[in-house]
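Taking it in order: structure first as structure tokens, then the write-up.
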Amino acid sequence: MFLKELSAMPGISGDETKVRNFIREKLLEMGIKNFTDTMGNLFAVKEGQRKDKNPELMIAAHMDEVGLMVSSVEKSGHLRFYKVGGVDEKSLISKPVRIGTDGIRGVIGAKAVHLQKKGEREKALEVDNLYIDIGAKNKEDAEKVVKPGDFVSFDTEAESWGSIFKGKALDNRAGCAALLELLSRKFDCGFTAVFTVQEEVGMRGAKVAAYRINPKVALVIETTTAADFAEVKEHNEATTLGKGPALTIRDESVIVHPQLLERLIEVAEVEKIPYQFRRFLGNYTDAGAISQSRSGVPTGVISTPCRYLHAPASLINLNDLRHLVEIAGGFIRSVAGKGLF
Amino acid sequence: MDLHNFLQEITQKDGVSGYEDTIGDYLAGAFAPLVDEVRKDNLGNRFFYKKGSGEDALRVMLCAHMDEIGLITTRIDEKGFLSFSSLGGFDPRTLPGQDVTLRGRELTYGLIGFKPAHLWKEDEKGKAVKMEDLFIDTGLSPEILRERVPVGTVAAIKRNFLSLQGECRAGKALDDRAGLAVLWECARELTRLRHNAEIFLVATVQEEVGTRGAVVSTFGIAPDLGIAVDVCHGTFPGAAEHEVSSLGEGPVIAYGPNIHPQIAGKLQETAREYHLPCQKDFSTGPTGTDARSIQVSLEGVPAGLLSIPLRYMHTSVELVDLEDIKSGGRLLAYFIAGLNRSFVEGLSCF
């Protein structure tokens, strides 16, 4: 899987170019027909081994990640910024970033602990109080290489620690890697894979993609929060690393069609693949947009559990990702074999 | 090797206070070709000694601390997360999402974790994270952790050395590896200069926990004068002007009760004579550097302090300008070359 490459490249919502180009290159290598739309969604048409099997299945994974955008350049040459998507503000300080298409390096600084007045350290530093330093002498010097509107991504090394994988943007490059893996395998039935844009700013790419594809059924491959820490009660963990991919029953954007959920569970049970339920009702995914497309599309969600989602560095267990691919593959075979409804 | 490469090398070596062997061994190798003798004392301070040409046997000490702030594990919980406390002063808000290197029985990498947003209570949202909310996540089970990284394992901050615009560089432990780079530049410059004084360049230990390395190394050397090379706060948005110095405008000469006025004066004069940029900074009491201990060692050792402006001190993205380090090294070399017995004798004439 291409997780390491996918995690390392920038692709903030609205600027998914590098991710899209990378995936398109892989599709071309696999000989898979593909095209894009006006928003930048990337569609891959996977042919089945048998032409009579055409379940009109859409499988989606979003390419975009949360990040920042330069809002202004100060006289001193420091950059102020906005958040793009639900970035974890508490983990921004003391992190390196890359700015714009040239990937200009910068750091998010903060007042040294020695200079803080009593009580200052009690308050969280929000985006309004933070800035990026690229080492420019002043505004003019900075504006030679950056400008307001430039997208900013975290600069985090992707690494494997045994079965644990650390990197940025695992939400949802893990999903992109899984979908690419599925595209490389052989199935009786075809499906349309969509690498969507702008999920993190409101499921916007998936909305128009689903309209275009007009699927009968859809599966969203995602990455979801895990809070499996010692002090957290089990029912608050949301998901647990290493216990298999998480199936969504409902979240803020969708209630998964019961028959579809049952089919996913059946696949996992029959093929003895570990899985868990996502035990948290918050947040949304592309399933929200796809399920309400046209006259409605039954849509399922399967996710890789991930610690420190939307932060500069996240952790997943690679076994969960592998098992996700197995369940999704089993689901495709099951739909080809006996249809869905 | 140039300054960029040297600084990159020394910021990639760990040296948490009390555990400075890795960085110390590297420095010993790097300074050896530039000096006459390399020595290590009982606490781990490294002395790089260079003979002088004169007969009046002046002894000059220049020091920069090689320790950095770090963490030490205090507990392995039932799910395999490591609690920790700090060695040196951290702002806990800088730690979530930080990579660390654990030097246990086996080298192990970790990430500083914290609970996700959906678990923050309403009244916790605007509040800062506290040290006790944080933990190190290695993804390993408690059983494996007890084998590999037992409680009491030291963790160092992990961060690549980053090249920013122009001569700016960012990374971890530039407090005070920037100072060590000044000593290295100075030693290189001195190979080309004739100097009367014997020189002891010292990489000190345990500055961050109370300038302890400086205490014993000053005693060990008994110098005629000593200069600490450390970092001071560089400008940043919202900073009070009197608290900060500008990056790229030269090293900063300290003044105040901790500093012998004639040493500060001679540094200033040397800078003027050789057209080297420099800035001034004023401290009202003992400085937070090795100079505070040098001054009150033995029967009293005249102390000076030269600082490199640095932004975001005690974070993993400390930021300096290479030009300041180069100017600092040159300034100290010319200062030393200009020393003689009568200047040193004058230091006790008040």
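No value in this document is a laboratory result; all are computed from the given coordinates. Since the structure is predicted, the reported quantities are computational estimates derived from the model, not experimental observations. FYI the Cβ positions are ideal-geometry reconstructions off the backbone, even for glycines, and counts take in every protein chain you see.
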Can you give the local net charge around A:Arg294? Use residues other than it whose beta-carbon is closer than 13 angstrom to its beta-carbon, Lys and Arg +1, Asp and Glu -1.
+2
Please report the antiparallel percentage of DSSP beta bridges with both residues in the protein assembly as shown, rounded to the nearest 5.
65 percent
Normalised by the empirical 2.2 N^0.38 Å for globular proteins, what value does the Cα Rg of region B:242-289 take?
1.15
When we measure straight from the Cα of B:Lys40, which lysines land under 19 angstrom away, once same-chain ones fewer than 8 places off are left out?
B:Lys13, B:Lys50, B:Lys51
Chain A: antiparallel bridges as % of DSSP beta bridges, rounded to 5, reads 65 percent
Here Rg/Rh (Cα, Kirkwood) for region A:1-159 equals 1.11
Eligible lysines near A:Lys51 by straight Cα distance, threshold 30 Å, same-chain separation 8 or greater:
A:Lys26, A:Lys33, A:Lys186, A:Lys207, A:Lys216, A:Lys272, A:Lys338
Tell me the Rg and the Dmax, in Å, that the Cα atoms of region A:300-341 produce.
13.9, 43
Going from the alpha-carbon gyration tensor of region B:70-157, what semi-axes, largest first and in whole Å, does one get by taking the root of 5 times each eigenvalue?
23, 15, 10
Cα convex hull of region A:136-283: how many Å³ per residue?
206 Å³
Over region A:227-328 - Rg/Rh using Cα atoms and the Kirkwood inverse-distance radius:
0.97
Between A:Lys144 and A:Val201, what length comes free when the chain is fully extended (0.36 nm per residue of separation minus the Cα-Cα distance, one decimal in nm)?
17.6 nm
If Lys and Arg each add +1 and Asp and Glu each add -1, what is the summed charge of the other residues whose beta carbon sits under 12 Å from the beta carbon of A:Ala206?
-3
Along Cα→Cβ, 7 Å out, is where each label goes; now give me the distance between the ones at A:Glu269 and A:Lys233 in nm to one decimal.
2.9 nm
Residues other than B:Val202 with Cβ under 14 Å of its Cβ, Lys/Arg counted +1 and Asp/Glu -1, net out at -3
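Pick out the long, greasy-scoring helices in chain A: whole DSSP H runs spanning 27 Å or more along their own axis by Cα, mean Kyte-Doolittle at least -1.0.
Span-like helices in chain A: A:318-338.
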Could you tell me which GluC sites (Glu not before Pro) in region B:29-68 are loop residues by DSSP with no more than 13 other beta carbons within 10 angstrom of their beta carbon?
B:Glu55
Please sort by residue number the trypsin sites (Lys or Arg not before Pro) in region A:205-236 whose DSSP state is loop and whose Cβ has at most 10 other Cβ atoms within 10 Å.
A:Lys233
Which of B:Ala28, B:Ala303, B:Ala170 ends up with the largest GNM mean-square fluctuation for chain B, with Cα atoms connected below 10 Å?
B:Ala28
In a GNM of chain A with a 10 Å cut-off on Cα contacts, which of A:Val113, A:Val145, A:Val70 has the highest mean-square fluctuation?
A:Val113
Could you calculate the FRET efficiency of B:Ser86 with B:Val296 from 1/(1 + (r/R0)^6), where r is the beta carbon distance between them and R0 is 25 Å, rounded to 0.05?
0.40
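With charges set only on the Cβ (+1 for Lys and Arg, -1 for Asp and Glu), what does the dipole of the protein assembly as shown come to about its Cα centre, in debye to the nearest 20?
Using only the charged Cβ atoms, the result is roughly 1680 debye.
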Could you work out the relative contact order of region B:224-328? I mean the mean sequence separation of Cα pairs under 8 Å and 6+ apart, divided by the number of residues, in percent.
42 percent
Pairwise FRET efficiency - A:Glu74 versus B:Leu43, Cβ, R0 = 41 Å, nearest 0.05:
0.40
Would you calculate the volume per residue, in Å³, of the smallest convex hull containing every Cα atom of the protein assembly as shown?
153 Å³
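Give, in nm to one decimal, the length gained when the segment between B:Ala239 and B:Asn5 is fully stretched (0.36 nm per residue of separation minus the Cα-Cα distance).
Extra length available between B:Ala239 and B:Asn5 comes to 81.2 nm.
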Taking the convex hull of the alpha-carbon atoms of region B:84-216 and averaging its shadow over every direction gives an area in square nanometres of 13.1 nm²
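What translational diffusion coefficient, to the nearest whole µm²/s, does region B:19-139 have by Stokes-Einstein, given a Kirkwood radius computed over alpha-carbon pairs, a temperature of 25 °C and 0.890 mPa s viscosity?
Diffusion coefficient, whole number: 136 µm²/s.
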What are the equivalent ellipsoid semi-axes of region A:67-154, built from the alpha-carbon gyration tensor (square roots of five times its eigenvalues), in whole angstrom, biggest first?
22, 16, 10
So if each residue of separation counts as 0.36 nm, and I subtract the Cα-Cα distance between A:Ile255 and A:Phe35, what length gain in nm does that give?
76.2 nm
Do any trypsin sites (Lys or Arg not before Pro) in region B:121-169 lie in a DSSP loop with no more than 13 other beta carbon atoms within 10 Å, and if so, which?
B:Lys121, B:Lys125, B:Lys130
If one builds a Gaussian network model of chain A from Cα atoms under 10 Å apart, the most fluctuating residue listed among A:Ser314, A:Ser94, A:Ser160 is A:Ser94
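Take the alpha carbon gyration tensor of region B:240-343, find the square roots of its eigenvalues, order them as a ≥ b ≥ c, and report rounded if a/c is under 1.5; if not, report prolate when a/b exceeds b/c, else oblate.
Numbers: a/c = 1.92, a/b = 1.21, b/c = 1.58.
Because a/c hits 1.5 or more and a/b fails to exceed b/c, region B:240-343 counts as oblate.
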Provide the three semi-axes, in whole Å and in decreasing order, of the ellipsoid equivalent to chain A as defined by the square roots of 5 times the Cα gyration tensor eigenvalues.
37, 23, 17
Evaluate chain B: find the radius of gyration of its Cα atoms, find its Kirkwood radius, and give the ratio Rg to Rh.
1.01
If R0 = 22 Å, then A:Gln116 and A:Tyr82, at their Cβ-Cβ distance, give a FRET efficiency to the nearest 0.05 of 0.30
Can you give me the P(r) profile for region A:170-247? Cα pairs, bins 5 angstrom wide beginning at 0, each as a whole percent.
3, 12, 19, 20, 18, 13, 9, 5, 2, 0
Normalised radius of gyration for region A:146-209, please: alpha carbon Rg relative to 2.2 N^0.38 Å, two decimal places.
1.47
Among bridges DSSP assigns within region A:196-341, what percent are antiparallel (round to 5)?
35 percent
Mean separation of Cα contacts under 8 Å, 6 or more apart, over the residue count of region A:73-150: relative contact order %
48 percent
Based on the alpha-carbon set only, what is the convex hull volume of region B:141-232 divided per residue, in Å³?
175 Å³
